[in-house]
1. Among (1) touching a Phe, Trp or Tyr at 6+ places or on another chain (Cβ under 6 Å); (2) modelled with pLDDT of 95 or more; (3) under 30 Å from A:LEU47 (Cβ atoms), which single condition is A:ARG118 missing?
2. Which residues, taken from the range A:22-60, are farther than 19 Å from A:HIS172 by Cα and surrounded by fewer than 14 Cβ atoms within 10 Å (Cβ to Cβ)?
3. Of all residues in the range B:25-43, which are open to solvent by 60 Å² or more (accessible area, probe 1.4 Å) and either under 29 Å from A:TYR75 (Cα atoms) or touching a strand residue (DSSP E or B) at 6+ places or on another chain (Cβ under 8 Å) (or both)?
4. Taking the conditions exactly as written (under 15 Å from A:TRP178 (Cβ atoms), open to solvent by 40 Å² or more (accessible area, probe 1.4 Å), among the small types (Gly, Ala, Ser) and away from chain B (no Cβ under 14 Å)), does A:SER112 satisfy them or not?
5. Could you run through the range A:174-187 and say how many residues are facing chain B (nearest Cβ under 7 Å), out of contact with any Ser or Thr (no Cβ under 6 Å at 6 or more places or on another chain) and buried (at least 22 other Cβ atoms within 10 Å of the Cβ)?
6. Examine the range B:30-49 for a residue that is facing chain A (nearest Cβ under 8 Å), among the charged types (D, E, K, R) and over 20 Å from A:VAL177 (Cβ atoms), and state whether such a residue exists.
7. Can you find, within the range A:64-83, the residue that is most open to solvent (accessible area, probe 1.4 Å) among those that are more than 14 Å from B:LYS5 (Cα to Cα), under 14 Å from the mean Cα position of the chain (by Cα) and more than 8 Å from chain B (Cβ to nearest Cβ)?
8. Scan the range A:141-191 residue by residue and report those that are closer than 30 Å to B:LEU17 by Cβ and not in a helix (DSSP H, G or I).
Amino acid sequence: MAATATSLPIAEHAHPDPVHLKRVGLWLFFFSESILFGLFLSARFFLEGIEAEHLDQALGLGITIVLLLSSVTAYTAETAIEHDRRGIAIWGLIGTILLGLVFAAGVGVEWSTAEFSRHEAFGTVFFSMTGLHASHVVSGIVLLVLALIQLLRGRFNSKDHWPISGVVMYWHFVDVVWVFYYPALYLVQGV
Amino acid sequence: MSIFKVGWFVAVALAVLTVVEYIFAAEMADATARFLGLTLSAGTKAGLIMWFFMHLPRVWRGEEVH
């Protein structure tokens, strides 16, 4: 058996790219997170159907545009460092952090001005869903700040930038979650 | 700035879809149609982000930028 095994050609991908392995691992993490976010989304429709309490539509649309815009700046930062454009990458990360802070502040305003309580069914799902999502936004901002500090210290270039790619992917995932949460909370009952 | 061209294309698409879904939610009276339309819009936006921003094809192509 041993002789047979040693005579086999060594597979071309016997030592896969470590960055590729990290990417696949991160997607598996996103998959598990999607189940968590999906459960909260299904609870929203299970408890309330498509009914909803009054929400500030202008604020909801505003913070949605801000979060989508932050994905563009995050993409710009990642693409820039892939091409050794360090200055653009730094400003891309700074822009993403600032837009993330604006989004988090917007959620805070929505919470403080909500005309329903957490004891009502819609209040339960609204505060749970936005709270879970906002906690990911805040953790994403912390990770972006850590990546920015490393970038400012001279780390990362076109050959070695996985930490930035990973954090930016995480930020995009948080954006994808909001892409589903926004219509489920603000739009599905009609504007 | 051609390296950022894809990003701007996706940004415009996301902006258009977001405005369209808001107008659709405001104008569509039928609840089932509204739900299905918003689900389609959200799925399209999520697909754009995952495909172009999160580089989903790199997962099975195995190609990495070094």
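The values are calculated or read from the model by the stated rules, or taken from the named source; none is laboratory data. Worth saying up front: this structure is predicted, and the values here are computed from it rather than measured. Don't worry about glycine lacking a Cβ; one is built from the backbone with ideal geometry, like all the others, and counts go over all protein chains shown. Accessible surface is based on the protein model in full, side chains and every heavy atom, while ligands, DNA and RNA are left aside. Shrake-Rupley method; radii C 1.70, N 1.55, O 1.52, S 1.80 Å.
1. (2)
2. A:LEU39, A:SER42, A:PHE46, A:LEU47, A:GLY49, A:GLU51, A:HIS54, A:ALA58
3. B:THR39, B:LEU40
4. The answer is no for A:SER112.
5. Selection size over the range A:174-187: 4.
6. Yes, some residue in the range B:30-49 is facing chain A (nearest Cβ under 8 Å), among the charged types (D, E, K, R) and over 20 Å from A:VAL177 (Cβ atoms).
7. A:VAL66
8. A:HIS161, A:VAL188, A:GLN189, A:GLY190, A:VAL191
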